[in-house]
Structures are given as structure tokens and as C-alpha cells.
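Each reported figure results from applying straightforward, stated rules to the coordinates on display, with no laboratory input. These figures come from a predicted structure and were not determined experimentally. Virtual Cβ from ideal backbone geometry, glycine too; neighbours counted across all protein chains shown.
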Amino acid sequence: MRRILVSEFVTLDGVIEAPGHEEHRDGRNAWALSLTSEDMLAHAAQQLLEVDALLLGRVTYQHWAAFWPLATDVFLGERINALPKYVVSNTLTDLSWNNSTLISGDVPAEIAKLKESPGGDILVSGSADLFDLLLKHDLIDELRYMLYPVVLGSGKHLFRDQLDTAHFRLVGTRAFDSGVVLLRYQPSSDAPSSEHSEAYVWSDQQIKSLQAAENADRILASVLFTDIVDSTGRAAALGDRSWRQLLDRHDRISHAEVDRFRGRLIKSTGDGILATFDTPTRAIQCAVEIVDGLAESEIRIRAGIHTGEIQLLGPDVGGIGVHIASRVMGEARAGQVVVTRTVRDLATGTDLMFASLGSVNLRGVPGEWELFRVSIGGRR
């Protein structure tokens, strides 16, 4: 069976966005170029010689297709242009780069078939959304982290889809002259264990003390997640510069509405926000204003809200309440604000209207959850 090898350039804070000349939304691109050394180029060349094909997401494919066909005077360009290239996309139509094949539809099943086909190993590079998909469906055979001694502070990260726990074992390391370190991992079916683990078993008193400390940092809050629908497709259609301008407008409007309804902005998620509110009504009002306000800029937003207990983790929040709100957002469609029954039962206001969407299973959350699409005075 063919193996899928995933090679990723990653900063110390986990960012993979724009290591080369692609545009970073905060202008922090090309962070990998200044740390390229001769032994790294030799490693890249050897890696390309060891594989028979490339597997790329649409965005990475389009960036590469704009650059590598013109870089025929170096070995890397010659090899990349010659290799078969499989591109995963449900929207791409231009496959003018030679040796390119489209994978669409049931992508995990198609990639599984590709692994069963004759040939050698397949290399994935960049392609963050594709990486999450491959990991979710256990299609990665080796993960090669190129860890750069750089901290960016913002940008797209790997592991963005709140994946289930996955274990890997270290199979190799290499330090390059530039200070970049290669870490090679392969999936492991067993959780790690240590002969010293029993020495750190907590006593009942220690556990009670920890629980008391954690409970002191738990509060009841209404949690709001928002997300730009089809952000990857919009980014490709608009181009990097226009997409960054659109994101800036998204951030301005979203942050202003959170402030207006006395919420606490926890963080931006790249193409959405996470915020908390002291009442579900304010969370709903904020979500509707964000969805409507950004619709005027042709930015399609979906939002999910849940009211429950959350844990304060410094500037961040966590706990099952946050997890549920994230999963609820995943059930929403473009232009919808979707809430749990808890939110519906607690929200006040005669102009609030709720339409049941039925009961669903939320991944990683026990039981069935009845969800509602909410509107205010006929809006949404």
C-alpha cells in the first residue's frame, strides 16, 4: 500500500500560514525563507526523489501552480513539475498545470483508493484543511514537522477542527544548520505510558484540592462561536489582498458588536470569533447583528450559541460548554444563528422567535440535542 507522508513548515507557536511569498493576513509572510540552508535544500530534494506523487489542497495547489512551472532551472522545480499532482477540491476547474488530477466528491474514500493503487509514496505539503481531513480519517502514515525557531503570534494553525485525540510516536529527528528541526512521527494505536507514571498518582486530598481550585474558576456563561461559510473558497475567489481586506472588515464589525452587547471577546479563530456573554439574550442579539451586518459585505456567517458552565483559563475559556457551542455552530447554515434548548428556555424578549431544527447528535457530546434557529422580529 502507498503511504501518505505529510510535510509541514511550522513555527514555534504552531502557525503554518504563508511560509513563502503567499500573503499573510497580518503581513507576516516569508518567515521560512530566511532560514533555508544548504542541508535543508538537500533534504527537500531527497524527499521529492523518494515519492511518486503530490497530494495538495486547492489553495496550496494554486500557489504552487503560479510559481513552480516558471522555476524549471532548479532541481526542486524540475522534480515538482514532473511529479503527478492530485488536488483536492470541489470548486476548482482550472487544472492546466501538467500531470494534475482532481479529487472531489467523497474525498476520504477517493484518497483511500489512491493509497491502494500501484505506485510509491505520496507527499502532502501545506494544505491545512486537507491535513485535518486526512488526520480525521486516519489516512496519514507519517507526519514530518519542520519546526522553525520563529514566533508569529497570529495565522492559520494545524489541528483547527477540534479533532479527537490522536497519538503518534517519534521515529526520527534531524537538526539543520539554520536551526530548523525535523521531527518525524508515525501514528500509534496506543496511548503513551511511562514506568514513572505511578509515582505521580494523585492522592484523594490532592484531587479534592485541584477540583476546588477548578470550581473557583467555573462560571455560567453564554458562549458564541461564529464562522465565515466557505472561507477557503472565498479566499481563492477574491485573492489574498481582497480576502485580507474582507477579514479586516469582519473583525471590525464582529469586535464592535461584542463590545456593544457587553460581551467578552475571547479570541479570533482566523475566520470567526469566540465570545462569552452574561445572558443568552445578549449573545443572540450580538450574533444576529454580526450575521446581518456582514451580509451587507457579502460575507456569509453562521453562528452557534450554548449557555452552560465554562472554565476560565487565563485569557481563554474551556470546558464542555465551550465544546457544545462549537458543535452547535457546526450545525448552522449560512445566515443562521442556531442555539440549544437551554438558550431558548433562558432567553427573554418578546421579539425573539425560535424554530426547531430537530434533535441531533453533537460529535463528542453525549445524548441528543434539540437545536433551534433563532430570529429577532423576523430578522434571520
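So which of LYS113/LYS136; LYS115/LYS136; LYS113/LYS156; LYS85/LYS156 end up more than 26 Å apart by C-alpha? Each step should come with its number before you reach the end.
On the way: LYS113/LYS136 17 Å; LYS115/LYS136 16 Å; LYS113/LYS156 29 Å; LYS85/LYS156 24 Å.
Over 26 Å Cα-Cα: LYS113/LYS156.
Tell me which residues come under 5 Å, amide H to amide H, from SER127 once H is placed; ignore anything under 5 positions away on its chain.
HN-HN under 5 Å from SER127: GLY57, THR60.
Each residue of the range 325-331 in turn: what ³J(HN,Hα) in whole Hz from Karplus with 6.51, -1.76, 1.60 and θ = phi - 60°, glycine and Pro shown as x?
4, 5, 5, 4, 4, x, 8
As I understand it, the value is the acute angle between the Cα axis of helix 58-67 and the longest principal axis of the Cα atoms of the chain; what does it come to in degrees, rounded to 10?
The answer is roughly 40 degrees.
Provide LYS113, LYS136, LYS85 in ascending order of the number of other Cβ atoms located within 10 Å of each residue's Cβ, fewest first. Working shown, then result.
Numbers: LYS113 11, LYS136 14, LYS85 21.
Ranking LYS113, LYS136, LYS85 by Cβ neighbours within 10 Å, fewest first, gives LYS113, LYS136, LYS85.
Roughly what % antiparallel, to the nearest 5, for the DSSP beta bridges in the chain? Don't jump to the answer; show the numbers that get you there.
Numbers: 49 of 75 bridges.
Of the beta bridges lying entirely in the chain, close to 65 percent run antiparallel.
Which cross-chain or sequence-distant (5 or more) residues have an amide H under 5 Å from the amide H of LEU357, H modelled 1.01 Å from N in plane?
LEU371, PHE372, ARG373
Would you calculate, for the chain, the mean residue ellipticity at 222 nm contributed by helices, counting each DSSP H stretch of 4 or more residues as -39,500 (n - 2.57) and dividing by all residues, to the nearest 500? Walk me through the numbers before you get to the answer.
On the way: 11 runs with 125 residues, N = 380.
When only DSSP H runs of four or more count, the value is -10000 deg cm²/dmol.
Rounded to the nearest 20 debye, what is the charge dipole size of the chain about its Cα centre when +1 sits on each Lys and Arg Cβ and -1 on each Asp and Glu Cβ?
That gives the chain a dipole magnitude of about 840 debye.
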